[in-house]
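Laboratory data are not the source of any read-out in this text; all were calculated from the coordinates shown. Predicted model only: the values in this text are computed from it and were never measured. So basically every Cβ, Gly included, is an ideal-geometry build from the backbone, and we count neighbours across all protein chains shown.
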Amino acid sequence: MKESLINIFAQDNGIIRVTLDDEGNKNALSEVMISELIEAISEANNNKEVNVIIIASTGNVFCSGHNLKEITAARNNNDDGASYFKNLFDLCSSLMQLIVSCPKPVIAEVGGIATAAGCQLVASCDLAISSDTAQFATPGVNIGLFCSTPMVALSRNVSKKEAMKMLLTGDMIDAVEAKRISLINDYVSEDKLEESVNSLAKKISKKSLMTIKTGKEAFYKQYEMSLSDAYEYTSMVMAQNTLRDDAKEGISSFIEKRDPSWQDN
């Protein structure tokens, strides 16, 4: 019996690669898979040696969403699965919110199909790079189960019209369209995917960890604010940021034309 549904590999430069490894179930977000991802990201979150988290997968399906066989089996419970369904979707929502609140940048490396909650996972990550053969969809409408929770992440990444089109039709879109609507940052050939993601992660990992943490938290907080509140909040954040040692070091190194030596965590 397989011990874990994910593989965790620590790379150089403080980069952690978390790989979904349940190819037989199309890397579905089962209860076990979700719980393991929450544990992995939480541990990386608390590890001062980790700067960037990559979420990748094995096989030609990045993530197919929830495990429909598990959902069907739960209908045999005394409550027809009501408590199981609520717990499952709450757990998945906790994972997506953890990715957003995690101070470390999270990059999705999408080497295949990402549907339903799998598409939600891509949208929840801070950055996403896919192969040029990757495909994306929120197809719940086709099976009588509207992708309501994936809708949250999707609608915060693409325009309302584009999100509604994906949600109402359930149609698959390719990497070109996914980039056009800003679901992903970019796409590359399949043989260049891992290299491209690693290059991006390495570039980010060289920045001040304190600065990245400050910026990521501020980005998501201000996004939900009015314009005036956002400027008031970010002005406060920048004033506090300017007082930190890494800001002093960064500005000094820029003026002195040398590489910075970061100290803040």
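Worth pointing out:
- For Ser130, residues with placed amide H under 5 Å, excluding near neighbours: Val110, Asp186, Tyr187, Val188
- Counting only whole DSSP H helices of the chain, the ones at least 20 Å long by C-alpha along their axis and with mean Kyte-Doolittle hydropathy no lower than 0.0 are 31-46, 82-101.
- Selection of trypsin sites (Lys or Arg not before Pro), the range 186-265, meeting DSSP coil and at most 16 other Cβ within 10 Å: Lys206, Arg244, Lys257, Arg258
- Placing +1 on each Lys and Arg Cβ and -1 on each Asp and Glu Cβ, with no other charges, gives the chain a dipole about its Cα centre of roughly 600 debye.
- The range 209-255: proportion of alpha-carbon pairs further apart than 16 angstrom, %: 42 percent
- Only aspartates and glutamates eight or more places from Lys221 in sequence, or on another chain, were considered; those with a Cα closer than 20 Å are Asp126, Asp229, Glu232.
- Our helix-only sum for the chain, with -39,500 (n - 2.57) per DSSP H run of n ≥ 4 divided by its residues, gives a mean residue ellipticity at 222 nm of -15000 deg cm²/dmol.
- Cα pair distances exceeding 26 angstrom across the range 1-158, given as percent: 22 percent
- Stretchable slack from Met164 to Ala239, in nm (0.36 nm times residue separation minus alpha-carbon distance): 23.1 nm
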